[in-house]
Amino acid sequence: MITSIATVSLSGSLREKLEAIAAAGFAGVEIFENDLLSYDGDAGSVAGFLRDLGLRLVAFQPFRDFEGMPEPQRSRAFDRAERKFDLMVELGAELLLVCSNVSPLSRGGVERAAEDLRALGERAHERGLRIGFEALAWGHHISDYRDAWEAVRRADHAAVGLVLDSFHILARGHNLDTLSSIPKERIFLCQLADAPVLDMGILPWSRHHRCFPGQGRLPLADFMAALADTRYDGPLSLEIFNDNFRAAGPERIAMDGHRSLVYLAEQTACTPLQAALGSAGRPPQVQFDGLEFIEFAVDEADAAALRDMLAKLGFRRFGEHVSKNVDAWRQGDINLVVNCEPEGFAHAHNIVHGPSVCALALRVADADKALARAVSFGSLPFHQPVGPGELTIPAVRGLEGSLFYLVSRYGERGTIWEVDFELDEAATGANAPAGLTAVDHLVQVAHFGWLPSWVLFYRSLFGFDAAPELEIADPNGLIQSQVVEAPNRKIRIALNASQSQGTAAGRFLSEFFGGGVQQIAFATDDIVATVAQLEANGLPLLPIPGNYYDDLEARFGLEPEFVEVLRRHNILYDRSEGGGAFLQVFTDTFADRFYFEIVERRNYDHFGAANAPIRLAAQARLAAGRHLQAPL
């Protein structure tokens, strides 16, 4: 089995696409006809370029509107095929992908299709070529792979085989039993694509919303199991039609594609694919045990304001780094690091993004194994100088400039706090603790179109689960949101993206100059007591309109006294179908970049999506007010 990707999946010129495909680690490529037609050079030069890159051309595609045509269209179709064969010989292509006919002129009948395929196969055979027949899910007469297989079977020609495409099969929910029984030598090519589950027509769904394995929700594992039953070991090729992919750089998309196949090989235990990727001995998934710390990058001008905000949240400064201008703050099981170093990664991050979260430290039993696994999935390790006797903490780069430390609490030398910090465990904060116990979840904002990349990153490197996408209404547009979380649920991250620059996500990207952490949610066991302490500490909270509470009382039948408590403290409320309750409150935004949320969960598992429009509108009002007050 060799790994491949279709050029239609990527942006750029044909040369740029092929270079990105080779650099990502693919062994093969499908060339889409339009990419060749727009190429400034002849087919022979493309063949030479492929040889130089070490890429095998697994298919030339597509050849449309062929089987079942009446005369004179049938004769013209064979003439078109001969010209395609001429081009394929020059290009070095051996397989032509023939799509099932979508023309209303075509005539049905499997036997008629078989006759046409047999005749075309004979012409291909005379040139030393082959044809592969694929059932499009919207084909006029043949839209089911089982009908396509029957046409291929009846054609009974060595140069005529079947092309399987997971999207066309799974999108229509076709039974996979027949696939399992197809002889492997009759399958010439297998194409893969995942997709989110959307309520729309199959054609626009296919043309605009396909994605890589691990980024969608189609049952690819079932498809791969059926394919494995055939013992197929031919090319496995990604064919992705996605507007956002074609708007991104080909290098990132090609790397995502290769990473998705590595992830798929592991998830499905596909031995031929594992062999093709050299991943049989890949380090196993490790268990992440929560967030060890969140690191903020600030300069001295912003450090005082951030420290004041942390103190008002009830944190205490319990340690200072032995050699760097870095201090550590704690409350409950929450550790926050404030980095004011004048050099290094945090300093560079602050120069680009301003005061911000520059790194997340993931707690893990074996950091070295976690690093080896991340690197095996294509993530770049990160290193920076450490002082004498200090711990070297493994780290990997994420997407959009993010950094993840992999921290073990169980090393022989002790924890990072015991080794790298001068601790004052008896230290008290400037204000009383507020009862915050742990990091409940984070919100990261990504550029629109990057959401699938982030989902695949977390699923493949860290083994996180991914929930279905949601759309959240912001006063200035829609925000796409998708939650990823560790299997033990000790790390939960909501990934947000928006096309509108006016949404909260869009404003963050503008201020932040890129994607990153926008929100940090802390858990408490008693939000009313926590908020009372925060107010006593002098921490401003996001004001919520009174109309919200009037509706809340009627919607949930809450006691007026309880609603008045919520109103007085600006606490938002939601209830789940099982009777669980969720209470949440927000701070104002720090430097127009990030803000904090405090939540109390009462047998409630979600994130208060029903309250998001209210919160977003309140934040938009504050942002607009700051804009009006800003000096000209």
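We did not get these values from a lab; they are worked out from the coordinates using the rules stated. Note that the structure is a prediction, hence the values are computed from the model and not measured. Every residue, glycine as well, gets a Cβ built from its backbone with ideal geometry; the counts of neighbours run over all protein chains shown.
The figures follow:
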{"read-out": "Cα-only radius of gyration and Dmax that characterise region 3-277, units Å", "value": "17.5, 50"}
{"read-out": "Computed FRET value (nearest 0.05) for ASP333 with ALA610, which takes r as the C-beta separation and R₀ as 25 Å", "value": "0.30"}
{"read-out": "Region 438-629 - Debye-derived log10 I(q)/I(0), Cα point model, q = 0.16 Å⁻¹", "value": "-1.07"}
{"read-out": "Modelled FRET efficiency - R0 45 Å, SER11 with ILE351, Cβ distances, 0.05 increments", "value": "0.95"}
{"read-out": "Magnitude of the charge dipole, region 3-277, Cβ model with Lys/Arg +1 and Asp/Glu -1, debye to 20", "value": "140 debye"}
{"read-out": "In Hz, Karplus ³J(HN,Hα) per residue of region 134-150 (6.51, -1.76, 1.60; θ = phi - 60°; x = Gly, Pro)", "value": "10, 8, 6, 5, 10, x, 5, 10, 10, 10, 10, 4, 5, 5, 4, 5, 5"}
{"read-out": "The chain, Rg to Rh (Cα coordinates; Rh as Kirkwood inverse mean 1/r)", "value": "1.05"}
{"read-out": "Trypsin sites (Lys or Arg not before Pro) restricted to region 207-288 and DSSP loop, no more than 16 other C-beta within 10 Å", "value": "ARG217, ARG231"}
{"read-out": "Dipole magnitude of the chain, debye to nearest 20 (Cβ charges: Lys/Arg +1, Asp/Glu -1, about Cα centre)", "value": "1020 debye"}
{"read-out": "Environment charge at GLY319 (Cβ cut-off 13 Å; Lys +1, Arg +1, Asp -1, Glu -1)", "value": "-3"}
{"read-out": "Dipole of the chain, positive end: most advanced residue of HIS569, SER75, PHE464 [Cβ charges, Cα centre]", "value": "SER75"}
{"read-out": "Fully extended contour minus Cα-Cα distance, from SER576 to ALA426, at 0.36 nm per residue", "value": "49.9 nm"}
{"read-out": "Computed helical MRE - 222 nm, the chain, DSSP H runs ≥ 4 contributing -39500 (n - 2.57), nearest 500", "value": "-11000 deg cm²/dmol"}
{"read-out": "Of LYS17/LYS490; LYS324/LYS490; LYS312/LYS369; LYS17/LYS184, pairs whose Cα-Cα distance is over 32 Å", "value": "LYS17/LYS490; LYS312/LYS369"}
{"read-out": "DSSP-loop GluC sites (Glu not before Pro) across region 124-214, with at most 13 other Cβ within 10 angstrom", "value": "none"}
{"read-out": "Extreme residue, positive dipole direction of the chain, given options HIS140, ALA446, TYR263 (C-beta unit charges)", "value": "HIS140"}
{"read-out": "Selected from GLY249, ILE31, PRO183, residue furthest toward positive end of dipole (region 3-277; charges at beta carbon)", "value": "PRO183"}
{"read-out": "Cβ-placed point charges (K, R +1; D, E -1), dipole of region 288-423 about Cα centre in debye, nearest 20", "value": "340 debye"}
